[in-house]
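The values are calculated or read from the model by the stated rules, or taken from the named source; none is laboratory data. None of these values were measured; they are calculated from a predicted model. All Cβ positions, glycine included, derive from the backbone under ideal geometry; neighbour counts span all protein chains shown. Just the protein is used for accessible areas: all its heavy atoms, side chains included, with ligands, DNA and RNA removed. Shrake-Rupley method; radii C 1.70, N 1.55, O 1.52, S 1.80 Å.
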Amino acid sequence: MKHIILLFIVLGFAAQSIAQNQYPDDLVVEGKSSVKLVPEQFMFNVRISVDDSSYSVCAEKALKEAEMLTNEFTKNGIDKDLIKTHNYSIREVREYDNISRKSVFKGYQADIPVLIETVADYPKNDLIFEIIKNNFNADFSLSFALTPEQKENVKEKLIQLAIEDAQQKAEIIAKSAGIKIYGIRHIQYGEPQLVGTYNSPNFEMRKESIMIRGTASAGGTSALNPSEIEMSTSVVIAWRI
């Protein structure tokens, strides 16, 4: 009896290679799983931007602003270890002059992005929000992510669900094709991946309230409802048939 080869498109060309080259007489199935989690990591992003015609003055003013920001947080009991600086850059600002048809020097701009990273149950999240809103005229955004603990805790569940999905698919295919499946010959596993946010109908409205200017009127972090973030994984299993 001629073997029946049933192939699923699994993990793009990698899965095709497994099925066609390594295991041509096997039933190769991809099991998938996904889990949605409410992110518990809060990231307060503040962009300090300073302009001046003098390079040295511009640099000093930016550093002073960053120092003032840090001092304002620490004197209000915010842990200094939570305050991070991504980088520090100064660039020359030039504008095109239509009359002279030349690029004209306008000065310098210094940028210092500052990140305050906390978790959802950090008791001073609202205080951080208020300090930024009331004391600094800076670009500000609040973003959300999964904590390392959240990612690690969900990994086992994702693998279990993916294997169950692969087994169910294999049983259905074998029954429909009138064949029997035997022991597992090969398993290929990929690390869980972040898929993206799951947007509820009102997410766009909430997103607008998250991206604000430092002088804008807004409530505390308790008024925000982060969208769920989806994690997914897949398992490729080859059964002997």
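Six or more apart or on different chains, Cβ under 9 Å: which pairs go from a residue in the range 172-184 that's open to solvent by 100 Å² or more (accessible area, probe 1.4 Å) to one that's of a type in the set (F, W, Y)? Could you list them?
Cβ pairs passing all conditions: Y182/W239.
Quick check on this structure: which one of I229, I212, I163, I172 is of a type in the set (V, I, T), modelled with pLDDT of 65 or more and more than 22 Å from K36 (Cβ to Cβ)?
Of I229, I212, I163, I172, the one residue that is of a type in the set (V, I, T), modelled with pLDDT of 65 or more and more than 22 Å from K36 (Cβ to Cβ) is I172.
Could you grab the pairs with beta carbons closer than 9 Å, sequence gap of 6+ or different chains, first residue in the range 81-100 and open to solvent by less than 60 Å² (accessible area, probe 1.4 Å), second one basic (K, R)?
What qualifies is V93/K106.
Filter the range 29-62 down to residues that are touching a helix residue (DSSP H, G or I) at 6+ places or on another chain (Cβ under 8 Å) and aromatic (F, W, Y) and give me whichever is least open to solvent (accessible area, probe 1.4 Å).
F44
Y108: free of Cβ contacts under 8 Å to residues at least 12 places away in the same chain and in a strand (DSSP E or B), yes or no?
For Y108, the condition - free of Cβ contacts under 8 Å to residues at least 12 places away in the same chain and in a strand (DSSP E or B) - is not met.
Specify the residue that is farthest from Q41 (Cα to Cα); the eligible residues are those in the range 114-123 that are of a type in the set (A, V, I, L, M, F, W, C) and surrounded by fewer than 17 Cβ atoms within 10 Å (Cβ to Cβ).
This residue is L115.
Could you run through the range 124-174 and say how many residues are in contact with a Lys or Arg (Cβ under 9 Å, 6 or more places away or on another chain), not in a helix (DSSP H, G or I) and not hydroxyl-bearing (S, T, Y)?
4
How many of the residues in the range 175-191 are basic (K, R) and not in a loop (DSSP other than H, G, I, E, B)?
2
When D126 is evaluated against the numbered criteria (1) open to solvent by 30 Å² or more (accessible area, probe 1.4 Å); (2) under 30 Å from S232 (Cβ atoms); (3) touching a Ser or Thr at 6+ places or on another chain (Cβ under 7 Å); (4) not basic (K, R), which criterion, by number, is the only one it fails?
(2)
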